[in-house]
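**Student:** Can you read through this structure? Questions will come right after.
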Amino acid sequence: LKPILEQHGFQVTAASTVPEALECMNHATFDVLLSDLNIGQPGDGFTVVSAMRRVQPEAATFILTGYPDFDTALQAIRSQVDDYLLKPTDVPTLIHTIQSRLEHRRHIPPDLPLKRVSDLMQESLAEITKEWLKLVKSHDELAAIRINDKDRIDHLPILIEEMAKRVDIGSNITTEKAKLAAVSHGKQRALQGYNIPLVVIEMRLLQHVLSAVLQHNLIRMDLSTVIGDMMQVGESLQEQLEFSSCSC
């Protein structure tokens, strides 16, 4: 598509991954975003569109998909995609669609202030807890540990708070309070019948939920800080896991 679009007078910047696309849109201004629906993962195109709507709301956005269905159309509407094109699309239709949208731009007012990863983690604590508990209880080995929901999730508020603080201050050091909480969590899990592999699985599921929640809220996030913030979250999770495992 890049040489085809260039032949029709467009200046084109190509990106092959979601992080690369986010980096591009954060450092240059674009009139049009044309994204495949599935980049690295299914539906990644909607993530990119949502991000573009946040940082450059007047840019025209298009999704390319080879598998149109009702759910895709609904998601396109929710993500404020200007249009979605079926692959393989013929060149005249593609060019006409883009040019037509550029001639009838939508002017979108400024949205709510952007948020850091730490803000969204704290705001989404209830959602994170609910989704994590659902995954844990659907995991055969973890579900075999017979404890109540309160005992399963008691450690999450402190863990989320610690990760949020590290993101806010950009620190690579785990606080003494967080260390003690992780050690206490590990000892408690051992008494409840957990072994180290099960503690690792719980943490891996938490990381999965965190990534999903943050991706879902990408349109509200400050893209200039996302990568660094997520690195801080990953390091904090790893250290918490190490302290908990040593006590389990």
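**Student:** With a sphere of radius 14 Å drawn around the Cβ of Thr175, what net charge do the other residues whose Cβ falls strictly inside it have (Lys, Arg +1; Asp, Glu -1)?
**Tutor:** -2
**Student:** On to the next question. Among Pro42, Asn26, Leu94, which residue has its Cα positioned farthest towards the positive end of the charge dipole of the chain, with +1 placed on the Cβ of Lys and Arg, -1 on the Cβ of Asp and Glu, and the dipole taken about the Cα centre?
**Tutor:** Result: Pro42.
**Student:** With the other protein chains left in place, how much accessible area per residue, in square angstrom, belongs to the stretch 162-248 at a 1.4 angstrom probe?
**Tutor:** 49
**Student:** Sticking with this one: Exposed loop trypsin sites (Lys or Arg not before Pro) only (DSSP loop, at most 13 other Cβ atoms within 10 Å): please give the longest stretch of the chain free of them, not including the sites.
**Tutor:** Longest site-free region, per DSSP loop and neighbour criteria: 1-104.
**Student:** Same structure, new question: In whole Hz, what ³J(HN,Hα) sequence does the stretch 81-87 give by Karplus (6.51, -1.76, 1.60; θ = phi - 60°), x for Gly and Pro?
**Tutor:** 3J(HN,Hα) across the stretch 81-87, in whole Hz: 6, 5, 6, 10, 10, 8, 8.
**Student:** Could I ask something else about it? As an exercise, take the mean of 1/r over every pair of distinct alpha carbons in the chain, invert it, and state the Kirkwood radius in angstroms.
**Tutor:** 20.3
**Student:** Going through the cross-link list Lys115/Lys187; Lys150/Lys179; Lys137/Lys179; Lys2/Lys115; Lys87/Lys137; Lys87/Lys115, which pairs have a Cα-Cα distance over 30 Å in this structure?
**Tutor:** From Lys115/Lys187; Lys150/Lys179; Lys137/Lys179; Lys2/Lys115; Lys87/Lys137; Lys87/Lys115, over 30 Å: Lys115/Lys187; Lys2/Lys115; Lys87/Lys137; Lys87/Lys115.
**Student:** Compute the orientation-averaged projected area for the stretch 120-248 from the convex hull of its Cα atoms and round it to one decimal in nm².
**Tutor:** Convex hull of Cα atoms, orientation-averaged projection: 7.2 nm².
**Student:** Is the shape of the stretch 102-193 best called rounded, prolate or oblate, per the rule: a/c under 1.5 gives rounded, else a/b larger than b/c gives prolate, else oblate, with a ≥ b ≥ c the square roots of the Cα gyration tensor eigenvalues?
**Tutor:** It comes out oblate by the Cα gyration axes.
**Student:** Out of Ala143, Ser184, Ile153, whose Cα points farthest toward the positive end of the dipole of the stretch 115-206 (charges: +1 Lys, Arg; -1 Asp, Glu; placed on Cβ)?
**Tutor:** After comparing all options, I get Ser184.
**Student:** Before rounding to the nearest 500, sum -39500 (n - 2.57) across all DSSP H runs of length at least 4 in the chain and divide by the residue total; then give [θ] at 222 nm in deg cm²/dmol.
**Tutor:** -19500 deg cm²/dmol
**Student:** Taking the alpha-carbon centroid of each part, what is the distance from the stretch 6-31 to the stretch 123-174 in angstrom?
**Tutor:** Here the two parts' Cα centres lie 37 Å apart.
**Student:** While we're on this one: Once you've got the GNM for the chain with C-alpha springs shorter than 10 Å, pick whichever of Leu64, Leu125, Leu191 has the biggest mean-square fluctuation.
**Tutor:** Highest fluctuation among the options: Leu191.
**Student:** What is the set of long-range amide H partners of Met221 at a cut-off below 5 Å, with H atoms built 1.01 Å from backbone N?
**Tutor:** So Met221 has HN proximity to Lys115.
**Student:** Return the carbon/sulfur percentage of the accessible area of the chain, one whole number, probe 1.4 Å, all protein chains in place.
**Tutor:** Whole-percent figure for carbon plus sulfur exposure: 55.
**Student:** Can you give me the long-range amide H partners of Ser35? Hydrogens built in the peptide plane at 1.01 Å from N, cutoff under 5 Å, separation of 5 or more residues or another chain.
**Tutor:** Distant-sequence amide H within range of Ser35: Phe62, Ile63, Leu64.
**Student:** DSSP H helices in the chain with Cα extent of 15 Å or more along the helix axis and mean Kyte-Doolittle hydropathy at least 0.5?
**Tutor:** Flagged H segments are 156-169, 196-216.
The values are calculated or read from the model by the stated rules, or taken from the named source; none is laboratory data. Treat the numbers as computed from the prediction; the structure is a model and nothing was measured. Cβ atoms come from the backbone with ideal geometry, glycine included; neighbour counts cover every protein chain shown. Calculation scope for accessible area: heavy atoms of the full protein, side chains included, ligands and nucleic acids excluded. Shrake-Rupley method; radii C 1.70, N 1.55, O 1.52, S 1.80 Å.
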